[in-house]
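See below for the structure under consideration.
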Amino acid sequence: MKHLGIDVSVRNLPELDPNYIPLFPFYESFLKGASKPLDIAVERSAGQVAVYKTFIHGTPEMAEADLYYVDRIIKTLLWLKGGFKVYIAGDKAIYEAIHKTYSKEGARAFDENFMAGVYEHPFEVVYCDAVPAEVSKSEAIGRHMNGCRIGFDAGGSDRKVSAVIDGEPVFSEEVVWFPKTNSDPDYHYQGIVDAMKSAAAHMPRVDAIGVSSAGIYIGNRTMVASLFLKVGKEDFDAKVKDIYIRAAKEFGDVPIVVANDGDVSALAGAMSLEENNVLGIAMGTSEAVGFVDDKGNITGWLNELAFVPVDAAPTAMVDEWSGDIGCGVKYFSQDSVIKLAPAAGIELDESLSPAEKLKVVQGLMEKDDDRAAAIYRSIGVYLGHALRLYYHFYGFKHILLLGRVMSGKGGDIVLAEAKRVLAEEYADIASKINPTLPDEKARRVGQSVAAASLPEF
């Protein structure tokens with residue numbers, strides 16, 4: 001394959017998406033002829049800085065490839081680690097192009113606006129002679145087992161809740177809901193409270209509540225969350241920012257901790273494996289990711305790999321929210337199953353919700369339909385290549401795969417194909433990392449049980 005003048009050699013391509021160009025092999029091929037040093041740093045909250053030192057070609061004929069490469073790296077750093085200020089040293093022309101790209105009128109206006117909102121700081125791209133030094137902090141999370149706890153996992157297609165007594169789940173429930181299409185925050189509030197009451201009914205008391213929820217949360221308050229996509233700003237500020245805090249008050253003055261669902265998926269992985277250095281990937285409505293480092297701590301990174309590019313193909317699918325192409329959400333969520341279904345010869349009723357479409361394919365898979373199997377094999381190839389890319393930035397040891405896409409026979413196929421691709425394409429790291437699936441029960445409710453362990457009392 002050739003892209004922007006770069007020859008990319010890949011042995012394993014998804015059978016239903018032959019135009020796919022995995023980004024890591026593209027990066028490797030690009031760097032073979034690159035010799036001009038370029039340093040990038042991204043600053044996030046509390047003075048933390050992520051540094052990435054690399055090379056570009058720096059020639060007129062490779063200018064387009066240089067800019068594409070640097071844009072993809074910066075995009076990855078922003079969504080993986082987070083940040084509101086990008087520093088560039090080593091090439092003024094690249095800086096000027098990136099400054100334009102990440103502006104309110106540029107191609108990455110969504111990214112610029114999002115990061116400015118998250119960090120409540122104007123987004124900047126600056127040129128410098130030398131980028132700042134790396135600064136990173138981490139903190140302990142969860143693993144508290146004492147008492148009677150509610151663990152709530154708010155997904156985009158279903159909500160899960162567990163009642164946990166001294167670390168043992170005594171009740172779990174999964175209910176379909178439609179938070180992303182509902183503009184009334186009272187709908188969300190009632191769904192949250194109903195789930196918590198359902199769990200509380202199976203315990204003598206409620207000592208603490210832990211919440212795993214898609215989005216960004218500061219002090220248990222909702223800052224950004226796709227679950228409330230249709231809620232207007234006025235209602236969001238009045239009823240959504242403190243929605244979980246208000247829900248907890250229904251059960252008295254009990255401690256509550258709200259955490260990003262990606263971080264909780266990583267915690268679930270670490271608890272299940274009794275190991276650290278775990279990347280948790282929950283494939284559901286979106287791609288929720290979290291990371292527990294080798295000390296068992298969370299890093300404070302965004303870990304929003306749904307927006308991290310994995311496919312260099314110019315024909316890659318567009319993410320409707322960000323407007324960018326080739327991002328993880330279209331490869332590691334129910335969207336991937338749905339987008340691949342036509343190529344597999346499966347027609348899905350357009351009147352069905354995305355979660356219902358996924359269930360149709362899962363039903364076919366349980367009957368060993370090879371059309372459905374082809375979908376999961378293709379996702380497995382995507383995943384094998386993406387794990388090599390993710391490893392480059394995380395250096396993890398374990399990967400725990402969670403979420404509704406990984407349920408049933410399809411999940412087993414995805415895992416097997418990912419391992420095969422790692423062994424055949426990336427033998428240098430295949431023996432160093434361990435992708436695993438939890439047991440079926442943990443696949444579906446592992447996050448809500450891990451969420452229950454978040455508060456300390």
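The values are calculated or read from the model by the stated rules, or taken from the named source; none is laboratory data. What you are looking at is a predicted structure, and each value in this text was computed from that prediction instead of being measured. Virtual Cβ from ideal backbone geometry, glycine too; neighbours counted across all protein chains shown.
The table below gives the values:
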| item | result |
| --- | --- |
| Search result, residues across the range 85-144 that are over 15 Å from Ile74 (Cβ atoms), in a strand (DSSP E or B) and of a type in the set (Asp, Glu) | Glu139 |
| Test: residue in the range 188-204 that is surrounded by 14 or more Cβ atoms within 10 Å (Cβ to Cβ), of a type in the set (A, V, I, L, M, F, W, C) and touching a residue at least 60 places away in the same chain (Cβ under 8 Å) | no |
| Test set (1) over 17 Å from the mean Cα position of the chain (by Cα); (2) assigned to a helix (DSSP H, G or I) - Asp349 fails condition number | (2) |
| Residue selected from the range 398-419 under the condition basic (Lys, Arg) and at pLDDT 95 or above, by the criterion surrounded by the fewest Cβ atoms within 10 Å (Cβ to Cβ) | Lys409 |
| Of all residues in the range 88-113 being touching a Ser or Thr at 6+ places or on another chain (Cβ under 8 Å) and not acidic (Asp, Glu), the one that is farthest from Leu302 (Cα to Cα) | Ala107 |
| Candidates Ala270, Ala282, Ala247, Ala316 - the one that is touching a residue at least 12 places away in the same chain (Cβ under 8 Å), closer than 20 Å to Arg404 by Cβ and out of contact with any Phe, Trp or Tyr (no Cβ under 6 Å at 6 or more places or on another chain) | Ala282 |
| Selection from the range 164-187 of residues that are touching a helix residue (DSSP H, G or I) at 6+ places or on another chain (Cβ under 7 Å) and either assigned to a helix (DSSP H, G or I) or in contact (Cβ under 8 Å) with a residue 60 or more places away in the chain (or both) | Val164, Pro169, Ser172, Glu174, Val176, Pro179, Lys180, Pro185 |
| Scan of the range 161-172 for residues that are under 19 Å from Ser265 (Cβ atoms) and surrounded by fewer than 24 Cβ atoms within 10 Å (Cβ to Cβ), ordered by number | Gly167, Pro169, Ser172 |
| Test: Tyr102 is in contact (Cβ under 8 Å) with a residue 40 or more places away in the chain, within 20 Å of Leu305 (Cα to Cα) and surrounded by 15 or more Cβ atoms within 10 Å (Cβ to Cβ) | no |
| The lone exception for Val8 - which of (1) within 22 Å of Leu78 (Cβ to Cβ); (2) touching a residue at least 24 places away in the same chain (Cβ under 8 Å); (3) of a type outside the set (S, T, N, Q) it fails | (1) |
| Which listed residue, of Asp153, Asp158, is charged (D, E, K, R), within 21 Å of Val258 (Cα to Cα) and in contact with a Ser or Thr (Cβ under 8 Å, 6 or more places away or on another chain) | Asp153 |
| Condition met for Phe228 (without any contact (Cβ under 8 Å) to a residue 60 or more places away in the chain and in the same structural domain as Val211 (by TED's automatic domain parsing)) | yes |
| Matching entry among Lys36, Lys32 (being touching a Gly at 6+ places or on another chain (Cβ under 6 Å) and either free of Cβ contacts under 8 Å to residues at least 40 places away in the same chain or surrounded by fewer than 16 Cβ atoms within 10 Å (Cβ to Cβ) (or both)) | Lys36 |
| Residue in the range 52-60 that is buried (at least 22 other Cβ atoms within 10 Å of the Cβ), among the aliphatic types (A, V, I, L, M), touching a Gly at 6+ places or on another chain (Cβ under 9 Å) and not in a helix (DSSP H, G or I) present | yes |
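To keep it simple, each residue is scored yes or no on (1) farther than 17 Å from Gly262 by Cα; (2) more than 18 Å from the chain's Cα centre (by Cα).
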site: Ala373; (1), (2): yes, yes
site: Tyr382; (1), (2): yes, no
site: Phe393; (1), (2): no, no
site: His398; (1), (2): no, no
site: Val405; (1), (2): no, no
site: Glu417; (1), (2): yes, yes
site: Glu425; (1), (2): yes, yes
site: Ile429; (1), (2): yes, yes
site: Gln447; (1), (2): no, no
